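Quick notes on the structure that follows.
The values are calculated or read from the model by the stated rules, or taken from the named source; none is laboratory data. Fair warning: this is a prediction, and the values are worked out from it, not measured in the lab. Heads up: the accessible areas ignore ligands, DNA and RNA and are worked out on the full protein's heavy atoms, side chains in. Shrake-Rupley method; radii C 1.70, N 1.55, O 1.52, S 1.80 Å.
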Amino acid sequence: MIYRILLLLVSFSFLFSCEKDAIDQETFGSIEGFVLNSETEEPVSNANITTTPPTNSILTEPDGTFFFDDIPTGGYSIQARKSGFKSNSVSVSVREDGVAHASIPLSPEPEDEDDDDEDDDNGDEDDDDNGDNGDED
């Protein structure tokens, strides 16, 4: 009976030790890239950069560059956002010990000419509206 119990314990210990070896270790890589103005090709600084699946949220450097280090390998969508520009995203594949490269162009949003007339709507800067509606009675 003791022989069977010992055999059972040894069998369980081998079973659990084999499972640990079968688990894949997570591998890591990096992403580097830059964000540029699509019209002028100038770098875009302080653009917010995020990834899907999520890693960190970072801002681009003054020269438009960004870098994610030691992120799990796999496919990522990288989004760039900045006020005054249309958001854009690109896809990259991060490989073990590799560096994926991304270039993200941002298109400037068209200036809305109606924004300049907003003060006119409340009557603060409208020379034609003096409260008398143009009547000179």
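For segment 20-32, enumerate the residues that are in a loop (DSSP other than H, G, I, E, B) and at pLDDT below 95. I23, D24, Q25, E26, listed by residue number.
So, in segment 99-111, how many residues would count as being open to solvent by less than 20 Å² (accessible area, probe 1.4 Å) and farther than 17 Å from T51 by Cα?
Within segment 99-111, the first condition is being open to solvent by less than 20 Å² (accessible area, probe 1.4 Å), and the residues that meet it are 100, 102, 104, 106.
Applying the additional criterion that residues be farther than 17 Å from T51 by Cα yields none.
Counting residues in segment 99-111 that are open to solvent by less than 20 Å² (accessible area, probe 1.4 Å) and farther than 17 Å from T51 by Cα gives 0.
Count, please, the residues in segment 85-98 that happen to be open to solvent by less than 30 Å² (accessible area, probe 1.4 Å) and of a type in the set (A, V, I, L, M, F, W, C).
Going through segment 85-98, the residues open to solvent by less than 30 Å² (accessible area, probe 1.4 Å) turn out to be 92, 94, 98.
From what's left, of a type in the set (A, V, I, L, M, F, W, C): 92, 94.
Qualifying residue count, segment 85-98: 2.
Return the only residue of E96, E111, E136 being assigned to a loop (DSSP other than H, G, I, E, B) and modelled with pLDDT of 95 or more. Walk me through it before giving the result.
Details: E111 fails: modelled with pLDDT of 95 or more; E136 fails: modelled with pLDDT of 95 or more.
Just one listed residue meets the conditions, E96.
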